[in-house]
Amino acid sequence: MKLNEIINFLDNEIPQDLALSNDNVGLMGSYDLTQEITSIKIFMDLYPQDDDYSSNTLIITHHPPLFTPKTPTFTIHSNWDIIKGGANEALADCLNLKVIESFDKDTDIGRICEANLSYNDLKENILSNFNEFTIVNKPKEDEIIKKVAIISGFGLKKSDYIKLAKKNNLDMIISGDLIQETAILAMNLDLTLIDLGHHNSEVPGLYYLKNIIDKLDISCEIIDKAPMGSERNEQ
C-alpha cells in the first residue's frame, strides 16, 4: 500500500484537526508519498537509534519526535487523547472503569468514569495491569470510590485538573506526571491521586491504535521502550 493511502486512512480514522492547536501531529518530514509501505512500527517515543528501518516501513509515534526522522514517520498525539475510542477509553477499559463523559469539556481531554468499587478492588484492577503506582491521599481499603477522572499521560502535573476534579465531586484522578505542587494541592482538597507514570498510562492506547491499523492488513508491531527504568542494588 502506498504511503499516501495509509495517511488518508489514518486521517479518516483519527482526524488531525482534532488535535490541540499547538500540537505537532501528522508527517514529521518530507517523504515520498507514492512509496510502497509493507510494514508499520508503532512507538510511544522515537529515538535516533531506532530510525534505521527500510524505506518500506512507516513509523507511527504517539509523541512527536525531537528530531526529523529519515524513515517516514507519522505522529498521532492529542487527537488520539481526544477522540472517542482512543487513549483514554483504552486506559478506562484496562482498569474496568465505565466512561461517562469527557473530563475537560473545553478540550475533551480525559474522561470521567464510574467506578463504584472499594479502593482495595480498584487497587487490584490497577496492579493487574501495572506493576506499581504512586498514590497521594490514600483511601481506606474498604472506602467506595464512586467516580474517577482518568487522563492518559500528563494529567497530574496540571493544578487546574486537580481543581476541576474537586469541582466535579470526583474521588480520584488516575494519570501520570505527578509533581510536588499538585500533590500538596490534592492533600489540601482531600482528593486522591494515582500516578501510573506518563508512559505507562498511555501504553494501553498503543494497542487500541494497533487495532485500528490492523484493518489495513499490513504487518504492524508495537515497539514499547520506556524512557525510564529502575535499578536495584543486589547485595
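Computed from the coordinates by the stated procedures, all read-outs in this text should not be read as laboratory data. All of these numbers come straight from a predicted model, not from anything done at the bench. Note that each Cβ is placed from the backbone with ideal geometry, even for glycine, and that neighbours are counted across all protein chains shown.
Could you give the angle, 0 to 90 degrees to the nearest 10, between helix 198-213's Cα long axis and the longest principal axis of the Cα atoms of the chain?
Tilt of helix 198-213: around 50 degrees.
Roughly what angle does helix 180-189 make with the longest principal axis of the chain, taking Cα atoms, 0 to 90 degrees, to the nearest 10?
40 degrees
Mind sorting Y119, Y207 by how few other Cβ atoms lie within 10 Å of their own Cβ, fewest first?
With the fewest neighbours first, Y119, Y207 line up as Y207, Y119.
Per residue of the range 139-154, in order, report the coupling 6.51 cos²θ - 1.76 cosθ + 1.60 (Karplus, θ = phi - 60°) as ³J(HN,Hα) in whole Hz, putting x for Gly and Pro.
x, 5, 4, 9, 5, 7, 9, 8, 10, 9, 9, 10, 9, 5, x, 9
Nearest 10 degrees, 0 to 90: what angle lies between the long axis of helix 3-13 and the longest principal axis of the chain (Cα atoms)?
The angle comes out near 30 degrees.
Taking R0 as 25 Å, what's the FRET efficiency between S159 and M228 from their Cβ-Cβ distance, rounded to 0.05?
0.60
Sorting S128, S78, S175 on the 10 Å Cβ count, fewest up front, what's the list?
Starting with the residue having the fewest Cβ neighbours, the order is S128, S78, S175.
Can you give me the long-range amide H partners of C220? Hydrogens built in the peptide plane at 1.01 Å from N, cutoff under 5 Å, separation of 5 or more residues or another chain.
Long-range HN contacts for C220: I40.
Could you size up the charge dipole of the chain around its Cα centre, putting +1 on the beta carbon of Lys and Arg and -1 on that of Asp and Glu, and report it in debye to the nearest 20?
The dipole magnitude comes to about 500 debye.
With each label point set 7 Å from Cα along the Cα-Cβ vector, what nm distance links S128 and Y47?
Going from the S128 label point to the Y47 one covers 3.3 nm.
In what sequence do M228, M172 fall when counting other Cβ within 10 Å, fewest first?
So the residues, fewest neighbours to most, are M228, M172.
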